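Reviewing the structure listed below.
None of the figures in this text is laboratory data; all of them are computed from the coordinates on show. On a predicted model such as this, the values are computed, not experimentally measured, just so you know. Here the Cβ positions follow ideal geometry from the backbone for every residue, glycine too, while neighbour counts run over all protein chains shown.
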Amino acid sequence: MAVRIKIAVYTNSDDAFVAWAPSAAIPGCRGFLLERGRKTGAGQKVEIVENRVGFKKDKPKSGDHKPSSEWPFQRFTWTDHAADVGNQVRYRVTAMIDEGSGRPYTKGPASPWTRWAKLSPDAGGGFSCFFNRGLALSQFVARYLKAKKLTPANFKAQLKKSVDPKFRAFLEGDLGARLGAILTDAQGGHAELHAALYELGDEKLEDALIAVAAHLHLILANGSDKSGDGNAAARQHLNDKGVPTIDRLLKSKGLGHNKFVVRSDTGGPRALWTGSTNWSTTGLCTQINNALLIDHTGVAALYRQQWELLKSASPPALDPAGFPPGLVAANDTPHTFTVGGADVTVWFSRTSDGRDMAALRDVIRSAKDAILFLMFTPGKQGLHTLAGQRANEKDIYVRGVVSTLGNEPGDSDKNVLDVRLVSSDTKFTPDRYTIVQPQGIDVALGPWIGEVTRRDFLSQIGHAIVHSKVLVIDPLSKNPVVVTGSHNFSAPASESNDENLVIVRGQKNLAIAYAAHVMSVYQHYRYRSYVREMLAQGKTPWGNLDDDDQWLKDELKSKALEIGYWT
């Protein structure tokens with residue numbers, strides 16, 4: 001029976017995530033040629049996607065790449081970073097066969113072309129989502145630092161001063177571009193911006209806020225410095241330029257952890273910007289972050305109301321801790337809306353009894369086939385552990401990245417969450433890289449050069465590598481769920497902080513966009529976690545293409561759940 005190859009593509013504004021699966025092993029297969037069709041007017045341009053992993057016999061060096069007809073992909077999923085916002089793309093894979101004479105390979109079974117997919121932040125129904133490219137633990141940043149002779153600390157300082165605006169814009173991605181547009185658009189007309197920010201520390205953003213001063217109302221917390229004011233310099237900068245701030249200095253009592261903006265016009269609140277992104281250089285450029293824009297008057301009005309509650313509760317007030325009973329009581333009630341046909345639930349914290357966390361646990365328990373996530377510091381008993389437990393249930397596909405798996409912010413010892421996947425095949429060990437912690441490649445390894453390491457990042461750049469708070473449930477189903485906001489999915493977020501989270505049910509385009517984002521980050525750090533673990537065991541990690549077809553048999557078995565889900 002002839003081998004058939006299934007293929008599918010999923011996009012957001014920045015990436016195209018492609019997945020394929022052959023129906024059986026293909027003798028002599030050295031990998032897959034991946035082709036990209038890109039719409040150009042009335043026609044299309046077909047491009048061969050390049051692979052940056054080569055055969056050892058070719059002696060590849062850092063940065064080398066060849067067409068996947070020569071260096072075929074020995075995998076079943078690929079995130080295509082070469083597709084750009086606004087592009088319409090489709091993909092096809094073809095097995096490349098070595099019939100005994102080596103290259104050029106013979107073309108074997110091929111998939112059909114995928115549907116056309118457009119890269120856009122617009123998910124429809126009033127929802128748009130945005131992402132940055134803050135992968136500081138990566139080869140492209142390592143090569144940049146090497147060429148510029150920069151330490152990680154110098155790299156951060158350069159970004160802060162916008163010394164290389166083109167590279168900074170690349171790191172900010174469409175998230176930075178859209179945030180800048182929100183501020184620029186508010187400079188004229190009757191727009192009003194009500195913002196509640198945890199961190200502010202970036203010259204470019206501060207100047208943009210000063211430019212919109214006549215339309216800005218800003219609650220500014222004290223950032224990550226609990227003992228004082230981590231935003232002191234930015235606060236002084238704004239105040240000196242005539243921008244007043246409402247100072248929510250909670251110090252050791254909790255975190256004013258929101259990062260939301262409400263846009264209003266003469267008709268009242270119109271749109272909400274929320275998500276994980278702090279208004280800092282690290283938030284925009286070095287951490288992994290996301291933002292969600294909801295064009296809906298009801299949701300915007302609710303956040304505008306919350307802004308007023310935070311203003312009235314900001315010290316000095318009747319309650320010096322900044323959490324008067326009225327604020328907590330208001331936070332105990334979730335708010336529901338219908339937005340573009342999707343069901344939306346909004347939670348604020350702190351709550352009196354952790355009911356926001358109970359709602360999040362219910363979301364994870366509701367999963368029928370997939371749980372995908374990015375988290376910062378969910379804590380020892382955070383939601384990632386519940387997701388890990390569900391990974392052992394039949395046909396539940398779980399993939400996640402947690403910035404810090406241990407209890408301490410500087411923990412660099414853990415590599416993966418110990419999710420003990422069960423297999424009925426006693427000779428087969430399932431892929432244990434279900435939930436990983438961000439790592440860089442510590443040393444040069446074949447064509448890979450040493451990257452910014454986890455330890456160097458935490459000591460010289462910032463305390464968060466992955467800062468997104470994203471949870472996606474059953475993204476390919478008719479009833480997917482997306483959760484995002486400032487909430488860290490942790491007990492402290494529920495019990496001690498100002499937070500917000502949005503639960504969106506039934507918006508499939510939004511779920512697919514966030515799923516593609518999670519898989520991009522997961523795939524990046526999965527390999528680095530594997531490399532670190534192999535080196536720690538004194539083993540040589542995989543770093544070149546295999547020059548036989550055994551890889552295909554192994555991958556079909558170890559990745560069966562993954563390729564079955566996506567295709």
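Placing +1 on the Cβ of every Lys and Arg and -1 on the Cβ of every Asp and Glu, with no other charges, gives the chain a dipole of roughly 1160 debye about its Cα centre.
Output the DSSP H helices from the chain with an along-axis C-alpha extent of no less than 20 Å and a mean Kyte-Doolittle hydropathy no less than 0.0.
Working: long enough: 165-185 (24 Å, 0.18); 297-313 (24 Å, -0.12); 508-536 (41 Å, -0.17).
Span-like helices in the chain: 165-185.
Can you give me the relative contact order of the chain as a percent, contacts being Cα pairs under 8 Å and 6 or more apart?
Numbers: 1303 pairs, mean separation 94.1, N = 567.
Across the chain, relative contact order equals 17 percent.
Using a simple spin-label model with pseudo-atoms 7 Å out from Cα toward Cβ, Ala491 and Trp113 lie 5.5 nm apart.
Return the calculated 222 nm mean residue ellipticity for the chain, to the nearest 500 deg cm²/dmol, obtained by summing -39500 (n - 2.57) across DSSP H runs with n ≥ 4 and dividing by the residue count.
Details: 15 runs with 164 residues, N = 567.
Rounded to the nearest 500, the figure is -8500 deg cm²/dmol.
Checking (1) 1.16; (2) 1.21; (3) 0.98 against Cα Rg over 2.2 N^0.38 Å calculated from these atoms, the matching label is (3).
Percent antiparallel among DSSP beta bridges with both residues in the chain, to the nearest 5? Could the numbers behind the result be given before it?
Values: 84 of 105 bridges.
So the antiparallel bridges amount to about 80 percent of the total.
Simple rule: put +1 on each Lys or Arg Cβ and -1 on each Asp or Glu Cβ in the chain, find the dipole, and look at Met96, Ile7, Ser62; the Cα lying farthest toward the positive end is Met96. Report for the range 265-380 the percent antiparallel among DSSP-assigned beta bridges with both residues inside it, nearest 5. Restricted to the range 265-380, the bridges split so that about 100 percent are antiparallel. Separation of the range 293-354 from the range 486-533 is 22 Å, based on Cα centroids. Think of each Lys and Arg Cβ as +1 and each Asp and Glu Cβ as -1; about the Cα centre, that makes the dipole of the range 225-346 roughly 200 debye.
Give me the number: length gained by fully extending Gln158 to Gln537, i.e. 0.36 nm times residue separation minus the C-alpha to C-alpha distance, one decimal in nm.
Working: separation 379, 0.36 × 379 = 136.44 nm, distance 3.71 nm.
My answer for the length gained is 132.7 nm.
The trypsin sites (Lys or Arg not before Pro) of the range 460-526 meeting both criteria, a DSSP state outside H, G, I, E and B (loop) and at most 13 other C-beta atoms within 10 angstrom of the site's C-beta, are Lys478. Shown is the FRET efficiency for His335 and Ser459, computed with R0 = 41 Å from the Cβ-Cβ distance and rounded to the nearest 0.05: 0.50. Taken as Cα centroids, the range 235-255 and the range 64-119 sit 52 Å apart, rounded to the nearest whole angstrom. Shape call for the range 3-100 from the C-alpha gyration tensor, a ≥ b ≥ c root eigenvalues: rounded (a/c under 1.5), prolate (a/b greater than b/c) or oblate? Since a/c reaches 1.5 but b/c is at least a/b, the shape of the range 3-100 is classed as oblate.
Spin-label model, His81/Ser558: points 7 Å from Cα along the beta carbon direction are separated by 2.3 nm. Counting Lys and Arg as +1 and Asp and Glu as -1 over every other residue whose Cβ lies under 9 Å from the Cβ of Ser314, the net charge comes to +1. Computed from the C-beta positions of Asp546 and Lys311 and an R0 of 41 Å, the FRET efficiency is 0.10 to the nearest 0.05.
Using a/c under 1.5 as the rounded threshold, could you call the range 434-479 rounded, prolate or oblate? The axes a ≥ b ≥ c are square roots of the C-alpha gyration tensor eigenvalues, and prolate needs a/b larger than b/c, oblate otherwise.
Values: a/c = 4.30, a/b = 1.83, b/c = 2.35.
Because a/c hits 1.5 or more and a/b fails to exceed b/c, the range 434-479 counts as oblate.
Taking the charge dipole of the range 122-529 about its Cα centre, with +1 at Lys and Arg Cβ atoms and -1 at Asp and Glu Cβ atoms, the residue from Leu171, Asn278, Thr377 reaching farthest to the positive side is Leu171. Working note: Karplus 6.51/-1.76/1.60 with θ = phi - 60° gives the range 373-378 the couplings 7, 10, 9, 8, 10, x Hz, where Gly and Pro are set to x.
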